[in-house]
Amino acid sequence: MKTIRFFGFWICLALGLVLGAVSQRPPAPVPVSAPETHFSADRAMADVAAIAQRPHPTGSVEIAKVRDHLLSRINALRLEVSVRPGEGFSQHGQEGRALSAAAVQNLVGVLPGQDRTLPAILIMSHYDSVHNSPG
């Protein structure tokens, strides 16, 4: 009887571990051909490849090209888009004693929800790169 309980315990434990591992697997990637309403990693990587071709630090000619690419993609997704000017600051140098400032343009894309009484979700990211980076 103890042997049956012993093996039963290990079988249940193994089954629990397998089921736990299977339930944690991410979903399969959605193909590029999926509707625009579904996220596609392949579609996103095409944008990353376009953006990361060369460095595009704040204030450069390349950042304007990246901004234009992002604006065209946001418009293609039929989001409400606005460009909001601002200023960006960064500390650098030894012990952060040097300060740099530059004009920036923040891109805001709005996808209205079905129920406007619910709280909004904000997703944000930088689209500039560091000087001397690969892109």
Condition check for Pro119: part of a loop (DSSP other than H, G, I, E, B), of a type outside the set (Gly, Ala, Ser), loosely packed, with under 10 Cβ neighbours inside 10 Å and free of Cβ contacts under 8 Å to residues at least 60 places away in the same chain:
yes
Taking the criterion of being among the hydrophobic types (A, V, I, L, M, F, W, C), out of contact with any Pro (no Cβ under 8 Å at 6 or more places or on another chain), surrounded by 10 or more Cβ atoms within 10 Å (Cβ to Cβ) and within 18 Å of Ser125 (Cα to Cα), would at least one residue in region 51-59 satisfy it?
yes
In region 88-120, what residues are at pLDDT below 80 and hydrophobic (A, V, I, L, M, F, W, C)?
Phe89, Ala98, Leu99
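Kindly establish whether Phe89 is over 20 Å from Ile123 (Cα atoms) and aromatic (Phe, Trp, Tyr).
Details: over 20 Å from Ile123 (Cα atoms): yes; aromatic (Phe, Trp, Tyr): yes.
So Phe89 passes the test.
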Going by what's in this entry, would Ser133 be described as among the small types (Gly, Ala, Ser), touching a residue at least 40 places away in the same chain (Cβ under 8 Å) and either touching a helix residue (DSSP H, G or I) at 6+ places or on another chain (Cβ under 7 Å) or surrounded by 15 or more Cβ atoms within 10 Å (Cβ to Cβ) (or both)?
no
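Has region 84-98 got at least one residue that is at positive phi, in contact (Cβ under 8 Å) with a residue 60 or more places away in the chain, surrounded by fewer than 13 Cβ atoms within 10 Å (Cβ to Cβ) and in a loop (DSSP other than H, G, I, E, B)? Reasoning before the result, please.
To start, the set of residues in region 84-98 that are at positive phi comprises 93, 95-96.
Checking which are in contact (Cβ under 8 Å) with a residue 60 or more places away in the chain leaves us with none.
No, region 84-98 contains no residue that is at positive phi, in contact (Cβ under 8 Å) with a residue 60 or more places away in the chain, surrounded by fewer than 13 Cβ atoms within 10 Å (Cβ to Cβ) and in a loop (DSSP other than H, G, I, E, B).
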Check region 49-59 and report whether any residue there is at positive phi, in contact (Cβ under 8 Å) with a residue 12 or more places away in the chain and part of a loop (DSSP other than H, G, I, E, B).
yes
From the list Gly20, Gly16, which one is exposed (fewer than 10 other Cβ atoms within 10 Å of the Cβ), part of a helix (DSSP H, G or I) and not hydrophobic (A, V, I, L, M, F, W, C)?
Gly20
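The values are calculated or read from the model by the stated rules, or taken from the named source; none is laboratory data. Not measured: the values here are computed from a predicted model. As a convention, Cβ positions derive from the backbone with ideal geometry for all residues, glycine included, and neighbour counts pool all protein chains shown.
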